[in-house]
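These notes concern the structure reproduced below.
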Amino acid sequence: MCAAFPDFRLGKVLATSFTGTLSERHGDAVERIPVPHRLVDWLTVNGLAVDSCTPAQLALARELRESIHVAATAAALQDALPVSAVHVINDRSAQGRAAAILTPEGERRWQLGSASCVEDALGVIAADAISVIAGERDGKLALCASPTCRAAFFDTSQSRTRRWCDMNTCGNRQKKARFHANQRKNP
């Protein structure tokens, strides 16, 4: 992977990790898949290797990413899901061709066909988003407490009270800001 691009923020949930390819949405946004080959890199890191990606496929991926983000945000806030976002997620899920396989370790993995393409990988991501947003998994959707981030993430902590999408980035940044503010108050 190229060092000229920002690192990926990888999580345990495919759909919300995918939405994390655009971070700091309410601050200085960081696009982590600015060019087609970065989408290929991200898919490979997440077990959905494809050979190539066109600019049109990157546009489809970004449309799906934003639709998942909007729908997950609405679900986290217990608002109605936006119809246009649901439509995009459903379309991507229906158009993908992938099979769920069981590994010898007892884990589910997705296997794309031999002639797999970006659309197949996007179908897997959309299917994952559907299972998370529909509440089929043990956990809950939440929004990052960072005012510049507000990323949707899937909280599987025991208490379901996690505040940050990523403790190493957003959580750490907020804790440092609080520490420095306290230092200024009490020199």
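The values are calculated or read from the model by the stated rules, or taken from the named source; none is laboratory data. Everything quoted here is computed from the prediction, not taken from an experiment. In this analysis, Cβ positions are derived from the backbone assuming ideal geometry, glycine residues included, and neighbour counts consider all displayed protein chains. Areas reflect the complete protein model, heavy atoms only, side chains present, ligands, DNA and RNA absent. Shrake-Rupley method; radii C 1.70, N 1.55, O 1.52, S 1.80 Å.
Taking a span of 15 Å or more along the helix axis (Cα atoms) and a mean Kyte-Doolittle hydropathy of at least 0.5 as the rule, the DSSP H helices of the chain that qualify are 118-133. Diffusion of segment 41-187 by Stokes-Einstein, at 25 °C in a medium of 0.890 mPa s and with Rh set to the Kirkwood radius over alpha-carbon pairs, works out to 142 µm²/s. For trypsin sites (Lys or Arg not before Pro), the sites in segment 71-178 that DSSP calls loop and that have at most 16 other Cβ atoms within 10 Å are ARG97, ARG137, ARG160, ARG163.
In this structure the chain gives 55 Å² per residue of accessible area when probed at 1.4 Å with all protein chains present. Evaluated with a Cβ-only charge set (Lys, Arg +1; Asp, Glu -1), the chain carries a dipole of roughly 1060 debye about its Cα centre, given to the nearest 20.
Positive end of the dipole of segment 127-176 (Cβ unit charges, origin at the Cα centre): among ALA151, THR169, ALA127, the Cα lying farthest that way belongs to THR169.
Maximal additional length on extending the GLN158-GLU105 stretch stands at 16.7 nm, based on 0.36 nm per residue less the C-alpha distance. One decimal place: the segment ALA145-GLN183 gains 11.5 nm when fully extended, by the rule 0.36 nm per residue minus the C-alpha distance.
Semi-axes of the equivalent ellipsoid for segment 1-123, computed as √(5λ) from the eigenvalues of its C-alpha gyration tensor and ordered from largest down, come to 22, 19, 15 Å.
The sum of -39500 (n - 2.57) across all DSSP H runs of n ≥ 4, divided by the residue count of the chain, sets its helix-only mean residue ellipticity at 222 nm to -14000 deg cm²/dmol.
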